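> Quick one: structure below, then a few questions.
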Amino acid sequence: MDDVRGYHAVAEGTSATEIGFALMSELLPVLVEKSIQIAWDFLERSGEIIDPGDASRFLLRNIDDMARAGERRPLMLANNAINAYRRYKRLLAA
């Protein structure tokens with residue numbers, strides 16, 4: 001019973017938004033890392049990575065931006081980053 005009362009005291013002082021934000025911010029690096037790895041593996045297997053440094057910077061920036069905008073599905077992040085990387089490479093080649 002004391003544990004329940006203690007929990008309520010903490011819960012009353014901490015908003016649900018603060019708790020949710022803390023959980024999301026802890027998971028964001030893991031989400032970004034997993035999504036980058038998925039995109040990297042695909043692009044590497046398909047032979048589309050010419051400059052690894054450029055590719056890693058592009059994928060990190062792209063996936064991080066989408067994740068911070070609210071996307072939380074790793075496959076969606078990876079697929080969007082792959083498509084964006086392909087567009088980026090086409091623009092560089094033109």
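> In sequence order, what are the phi-derived ³J(HN,Hα) couplings for the stretch 50-65 according to the Karplus relation 6.51 cos²θ - 1.76 cosθ + 1.60 with θ = phi - 60°, rounded to whole Hz, with x for glycine and proline?
9, 10, x, x, 5, 4, 5, 5, 4, 4, 4, 4, 5, 5, 4, 4
> Moving on to the next point. If you take the beta carbon distance between L60 and R86 as r and set R0 to 22 Å, what does 1/(1 + (r/R0)^6) give as a FRET efficiency, to the nearest 0.05?
Numbers: r = 17 Å, r/R0 = 0.76.
Rounded to the nearest 0.05, the efficiency is 0.85.
Every number in this text was worked out from the coordinates using simple rules, so none of it is lab data. Note that the coordinates shown come from a computational prediction; the quantities given were computed from them, not determined experimentally. Counting neighbours? That spans all protein chains shown, and the Cβs are built from the backbone with ideal geometry, glycine included.
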